[in-house]
Amino acid sequence: MSLRSSFRPLNSGIPLSAVALAAIASLAPAVQAQPQSAASSVAASGDQLQQVVVTGTRRVNRTVAESESPVDVLSVADLQRTGTSELATALGQLLPSLNFPRPSLTDASDAVRPAQLRGLSPDQTLVLIDGKRRHTTAVVNINGTQGRGSAPVDLNTIPFAAIERVEVLRDGAAAQYGSDAIAGVINIVLKKGAKGGSVNAEVGQTDSGDGFRHTEAASAGFALGQDGWVRFALENRHQQRTNRAGVDTRDAATEPRLGQINNRLGDPDSHQQSAVINGEIALGTSLQAYAVATLSRRDTDSAAFWRTRATAVANNVAGLYPEGFLPLQQSRTVDTGLVIGVRGELAGWNWDASIDHGRNRFDIDVTNTANYSLGNASPTRFDAGRLSNQQTVLNLDLSREVDLGLAAPWTLALGAEARRERYEIDAGEPASYQNGGASGFPGFQPGNAGAHSRHDVAAYASLEGQVTKAFSASAALRAEHYNDFGSATSAKLSGRYVWSPAVALRGTVSTGFRAPSLAQQWFATTSTNLINGALVEAGTFPVESSAAAALGAKPLKAEKSRNLSLGLLLQPLAQWQTTVDVYQIDIDDRVLLSANLSLPTALRNQLAAQGVLVSAGRYFTNALDTRTRGVDLVSTWQQDWGAAGRGQYTVAFNHNRNSIRHVDDNPALLTANGLELIDRVTLARATVGSPKDKLVLSAEHRWGPWIGRAAASRYGSFIVRQSNAANDQTFAPAWLLDLSAGWEQGAWQVSAGVDNLTNRYPDRVITANAIGGILTYSQFSPFGFNGRQYFAKLGYRW
């Protein structure tokens, strides 16, 4: 049987009925007295096999061991045992299939960093909070980073203090959850109930003496009436910048600051406050109202490239900066979300109705800079404008058990969803963009500004249960209608067969889709980019704009995917479990940002006649079809050593290969001007720019109140290609060792550790790509380039 995802053009018929996603309303259990290790969580071994999961299923009693798709379950204790308080960084350390590089000198991407699942685009992974679709960020990653062209969810807006566990579904799930769930689903499950609370503090610093950070967090629950409750979680996080930039050797004959480190390459200064409030109250014997509110504000201070004294003199701003200057980008990200819902039971149906509204706003100021056209009279600080993304979702979900005369009752789920999205760009102050604008980051121009919206309605149905005692199966079908893209249908079939108590086989086949985001359709800016070793003004043009049309742009289409997976679960002993899952993901019409098109004089003049003054341009396109093949292996052993304590030991491995199946013909206009829409740099970023494999070996030992943990991670090689093939560089695999020790007695927990004990850095960037020695390390590095880091944590819980 062949399953295909279809997209038909918008027509004048009546749109599909609004209907979608079943709410995942299962109440999570309280925090365990004995926290699980990352090893046991990833492998889902031992008692973890009985952990009830809510991601990828509508059944209320499905466990990890019974799942027909691979699901990683990470408790909050697993997250806290890493040397970070950022959710995306912790997931990157614990999950072999997730990649979270730490780009620098990439404008807004320094502040909002994207994470990748299975080497695919960050916006091809759907993020949920308690089963509700999370809104994406307003920031589009437009510079030369992994995830270039994406506008994904900002995972780091949710504090650890609010989280009970994170479930990561490594399987296509568009038929269950809709657009974006091509690579998988990350579901953040919040703490619930009136009981329990905690207070935690953390400090850390790099071995180089920079990057000092501290985090303070608190969580508590309170009763509301007889059966209700409300929980609060608060977090304050501050990190000072790190800097691994090299000595700047540009313009050696004329620069007074020759031989100094003028630039910044590393983590930016960041200060963030986050809050989560969630609660539930009974409205009757079978009726509950619930709500979840999230708020995060992050202030980030990052840098552009150093402007030399020669540049200041040539542009008449030497009176402001006699020795040159370093433009700074000061951004503020405000992320808010609110879910309000009612659920209950009626005539044998469990139902859930909710409204979910979220907004992400990104404001950016440019400081320590100048508008060259104003000379020494230029302001040194500019309001460069702001971006805003909003999403509102209405859900009605129904489920019930039905008797089909098989081994056990089946779960039937039906649902409806209506979603409205809005994306907005506000222009900066005139001096920030006029006549070239602020050096470092020209402000958003009035021609870039505007508000754009769309709506989507969807309907879904799913059925899952036991065919026989040994064989379980599920099917899901979802239909969507977008007012700007037309209609899509996605389907999924899954099954699991238990050969014996020690052996089970599982597999899925599905189709999916991802509609281009409003940000990808309408984001527009002019920014200073590093292209072929030089700083140039590059324009990002919406595909509907005349500037993009002048460069051969075509209207965007939705991505279409086909997912296959086959998994084997082995448990020869009660304390030893191994899972192996192989997968293939084909994606047609991938949405990505084109190459940086260095424009010849004729095209520059043509754009200048439209008031667009740039030396390079790019726009979004569907010109690429890809195939992703890989394997996930997780094996865990739990051992009780008697008086010597007990241990948990895990091997987790991912091998992932992305390849090109098809590239569209180059537009004739670009060919005539010697340009390529999809160049070798873009192809490499989509295929070999992330590690092809990742191995995590972890061991945790508990002896009385003492806990020791060691994790060795091997990050595979990756390749960074340049326009000039002679400057390509392959970065070698790297081993990192993390160690920590802790003490838990009663309500108190104390721990300390070292991440990257051996002080491993990625390979240095070759001289040809180092821009006068500045770029010492690659922003593609999957573990960053901060080196050894120390941390200590103190907690109290009740």
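The values are calculated or read from the model by the stated rules, or taken from the named source; none is laboratory data. On a predicted model such as this, the values are computed, not experimentally measured, just so you know. Cβ coordinates were reconstructed from backbone atoms using ideal geometry, including for glycine residues, and neighbour counts include every protein chain displayed. Calculation scope for accessible area: heavy atoms of the full protein, side chains included, ligands and nucleic acids excluded. Shrake-Rupley method; radii C 1.70, N 1.55, O 1.52, S 1.80 Å.
With an 8 Å Cα cut-off and a minimum separation of 6 or more residues, compute the relative contact order for the chain in percent. Walk me through the numbers before you get to the answer.
Details: 2373 pairs, mean separation 108.6, N = 798.
Averaging sequence separation for qualifying contacts and normalising by length gives 14 percent for the chain.
Gain in length, TRP499 to GLN260, computed as 0.36 nm per residue apart minus the alpha-carbon separation, to one decimal in nm? Present the calculation step by step, with values, prior to reporting the outcome.
Working: separation 239, 0.36 × 239 = 86.04 nm, distance 6.64 nm.
Gain on stretching TRP499 to GLN260: 79.4 nm.
For the stretch 556-608, which whole-number percentage of the solvent-accessible area (1.4 Å probe, protein heavy atoms only) is attributable to carbon and sulfur atoms? Can you show the working numbers first?
Details: 1210 of 1960 Å².
Of all accessible area on the stretch 556-608, carbon and sulfur atoms account for 62 percent.
Tally up the carbon and sulfur contribution to the accessible surface of the stretch 162-293 as a whole percent, 1.4 Å probe, everything protein left in place. Provide the component values of the computation, followed by the final result.
Numbers: 2760 of 4770 Å².
C and S atoms contribute 58 percent here.
Please report the antiparallel percentage of the DSSP beta bridges confined to the chain, to the nearest 5.
95
Please find the FRET efficiency linking ASP586 to LEU287, where r is the Cβ-Cβ separation and R0 is fixed at 60 Å, and quote it to the nearest 0.05.
So, using R0 = 60 Å, E works out to roughly 0.85.
Extent of the stretch 426-560 along each principal axis, from alpha carbon coordinates, in Å, largest to smallest?
73, 36, 28
Whenever you get a sec, compute what percent of the accessible area on the stretch 354-408 sits on carbon and sulfur atoms (1.4 Å probe). Please report the intermediate quantities before stating the final value.
Details: 1200 of 2320 Å².
That fraction is 52 percent.
Using a 1.4 Å probe, what is the accessible area per residue for the chain, in Å²?
Details: 29170 Å² over 798 residues.
Per-residue accessible area for the chain comes out at 37 Å².
Summing Lys, Arg as +1 and Asp, Glu as -1, what charge do residues with Cβ under 15 Å from the Cβ of ALA553 carry, ALA553 excluded? Intermediate values should be presented prior to the final figure.
Details: positive: LYS554, LYS557, ARG618; negative: GLU544, ASP589, ASP664, ASP665, GLU676.
Value of the local net charge: -2.
Compute the signed sum of charges (Lys and Arg +1, Asp and Glu -1) over the other residues within less than 13 Å, Cβ to Cβ, of LEU739.
Details: positive: ARG81, ARG709, ARG788; negative: GLU700, ASP738, ASP755.
Net charge around LEU739: 0.
Give me the percent of Cα-Cα pairs in the stretch 558-656 that sit more than 23 Å apart, rounded to a whole number.
Numbers: 2913 of 4851 pairs.
For the stretch 558-656, the share of Cα pairs beyond 23 Å comes to 60 percent.
Taking H placed 1.01 Å from N in the peptide plane, check which residues at least 5 places from ASN262 or on another chain put their amide H under 5 Å from its amide H.
ASP248
On the Cα set of the chain, report Rg and Dmax in Å, please.
Over the chain's Cα set, Rg and Dmax evaluate to 26.1, 86 Å.
Using the Karplus curve 6.51 cos²θ - 1.76 cosθ + 1.60 with θ = phi - 60°, what ³J(HN,Hα) values do you get for each residue of the stretch 772-784, in whole Hz, with x for Gly and Pro?
Result, rounded to whole Hz: x, x, 6, 7, 7, 10, 7, 6, 7, 3, x, 10, x.
Helix-only estimate, please: 222 nm mean residue ellipticity of the chain, summing -39500 (n - 2.57) across DSSP H runs of length 4 or more and dividing by its residues, to the nearest 500.
-1500 deg cm²/dmol
Shape call for the stretch 740-790 from the C-alpha gyration tensor, a ≥ b ≥ c root eigenvalues: rounded (a/c under 1.5), prolate (a/b greater than b/c) or oblate?
Working: a/c = 5.08, a/b = 4.35, b/c = 1.17.
The shape class here is prolate.
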